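Working notes for the structure below.
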Amino acid sequence: MDSISAAVTISEHPRILLCQGEEQALLQVIQSDSSLRLVHNLLLSQCDSLLLIKRTALSSMRVGRMQHSDVREALRRLFALAYGWRLTGRPDYFDRAKQELWMVLIVFSNPEQVEHLAEITTAASLAYDWLYVNLSTRERDFAQKTILQKGIEAALAPRDSSWSVPTDYQKQVINTGLVFGTLAIYETQPDLARSILNRSIRSTRQLLSLYEPDGAYPYGYSAWSYATSFTALLISALQTGFKTDFGLLDQPGFLKTASYGLHMRAPSGNCFNYGETVLEAPLQPVQFWLASQADNQ
């Protein structure tokens with residue numbers, strides 16, 4: 001059964017994670033919470049540092065070869081700069097965020113790994129949505145078409161060989177890219193957007209069975225943190241856009257997986273090593289999100 005019908009409405013841009021007009025409320029919370037204020041100031045410091053760098057995240061990318069490090073750097077820059085502009089209104093943050101976004105849209109290519117494509121779609125969609133109000137009609141049209149053709153449609157296209165079929169944890173990341181992409185262009189392709197959103201919700205609901213019954217995960221710590229963080233973004237985007245998680249948080253084991261992450265880390269800071277994970281195991285922000293969601297149940 002579809003979760004989103006034609007009768008469901010969606011808000012104006014920005015609508016992903018932080019809706020229009022919520023900036024002041026967020027600033028008030030930041031001023032009253034020293035931990036959030038520290039994170040906020042660190043993000044603004046990143047913005048200031050990026051203003052001093054001439055090259056964009058993807059300007060040094062090898063032709064036709066988008067690496068994971070390129071994708072991650074683009075995601076970092078787009079989020080920080082778009083956040084900085086929305087929370088401060090500084091034009092130089094907007095200008096640099098737009099410059100980074102435009103380079104992503106221009107060189108957007110099909111990476112070797114489909115989850116990397118999903119990540120860059122997530123980054124471009126978030127930045128486009130957050131910068132939307134200051135973009136021209138022509139700029140919006142270009143961004144929408146690029147996200148649709150090079151992001152959503154490319155992610156849904158059949159892969160060329162059997163070895164490239166994504167694993168379950170990669171599918172979690174792919175679903176997030178599809179959700180962010182369709183939320184970004186929803187009003188231009190409403191029927192397609194609803195179809196993809198419903199498909200992604202059904203797929204995510206099935207994939208959350210990986211956490212049953214008590215939050216343990218079949219892949220290593222690196223894959224767990226990667227997939228769980230992107231699934232948290234997916235659910236948060238749905239909560240922001242539609243005021244519901246469509247029952248995803250009710251799936252057994254998912255909210256308990258924050259404790260699993262703690263048990264996977266040793267006092268040394270390394271993790272229990274299995275599933276081709278790396279030894280380093282930094283504390284994951286998604287654990288705080290999971291804890292907050294559990295408290296709300």
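The values are calculated or read from the model by the stated rules, or taken from the named source; none is laboratory data. Predicted, not measured: the structure shown is a model, and the values here were computed from it. We place every Cβ from the backbone using ideal geometry, glycine too, and count neighbours over all the protein chains shown. Keep in mind that these areas ignore ligands, DNA and RNA; they rest on the heavy atoms of the full protein, side chains included. Shrake-Rupley method; radii C 1.70, N 1.55, O 1.52, S 1.80 Å.
Are there any trypsin sites (Lys or Arg not before Pro) in the stretch 1-95 that are in a DSSP loop and have at most 13 other Cβ atoms within 10 Å? List them by number.
Those satisfying the criteria are LYS54, ARG55.
Label sites at GLN239 and ASP95, each approximated as a point 7 angstrom past Cα along Cα to Cβ, lie 3.7 nm apart.
Inverting the pair-averaged 1/r between distinct Cα atoms of the stretch 144-254 gives 14.5 Å as its Kirkwood hydrodynamic radius.
For the stretch 201-217, putting each phi into the Karplus relation 6.51 cos²θ - 1.76 cosθ + 1.60 with θ = phi - 60° gives couplings of 5, 4, 5, 5, 4, 5, 5, 5, 5, 4, 8, 6, x, 10, x, 5, 10 Hz, in residue order, rounded to whole numbers and with x for Gly and Pro. Globularity index of the stretch 196-297 is 1.07 (Cα radius of gyration / 2.2 N^0.38 Å, N = number of residues). The residues of the chain have, on average, 48 Å² of accessible surface per residue, using a 1.4 Å probe with all protein chains present.
All C-alpha pair distances within the chain, sorted into 5 Å bins from zero, spread as 1, 5, 11, 16, 18, 18, 16, 10, 4, 1, 0 percent across the bins.
Rounded to the nearest 20, the size of the Cβ-charge dipole of the chain about its Cα centre is 500 debye, with Lys and Arg at +1 and Asp and Glu at -1.
Applying 1/(1 + (r/R0)^6) with R0 = 35 Å to the Cβ-Cβ distance of VAL29 and GLU187 gives a FRET efficiency near 0.75. Among the trypsin sites (Lys or Arg not before Pro) in the stretch 162-213, none sits in a DSSP loop with a Cβ that has at most 14 other Cβ atoms within 10 Å. Bridging of LYS150 to aspartates and glutamates at a Cα separation below 15 Å is possible for GLU112, GLU115, GLU119, ASP141, once same-chain residues fewer than 8 apart are set aside. Using only alpha carbons, the stretch 28-122 has a radius of gyration to Kirkwood radius ratio (Rg to Rh) of 1.03. What is the distance in Å between the Cα centres of the stretch 175-198 and the stretch 37-108? Cα centroid of the stretch 175-198 versus Cα centroid of the stretch 37-108: 24 Å apart. A cut-off under 11 angstrom between Cβ atoms defines the neighbours of LEU105, and their net charge, with Lys, Arg +1 and Asp, Glu -1, is +1.
In terms of overall dimensions, the stretch 172-214 has a Cα radius of gyration and Dmax of 11.9, 41 angstrom. To the nearest 0.05, what FRET efficiency results for SER109 and ARG76 with a Förster distance of 25 Å applied to their C-beta separation? The value I calculate is 0.85.
Could you tally the net charge around ARG199, taking each other residue with its Cβ under 12 Å from the Cβ of ARG199, Lys/Arg +1 and Asp/Glu -1? Computed value for this residue: +3. Centre-to-centre separation between the Cα atoms of the stretch 203-223 and those of the stretch 123-138: 33 Å. For LYS54, give me every one of the lysines with a C-alpha distance below 25 angstrom, ignoring sequence neighbours fewer than eight places off in its own chain. Filter leaves LYS98.
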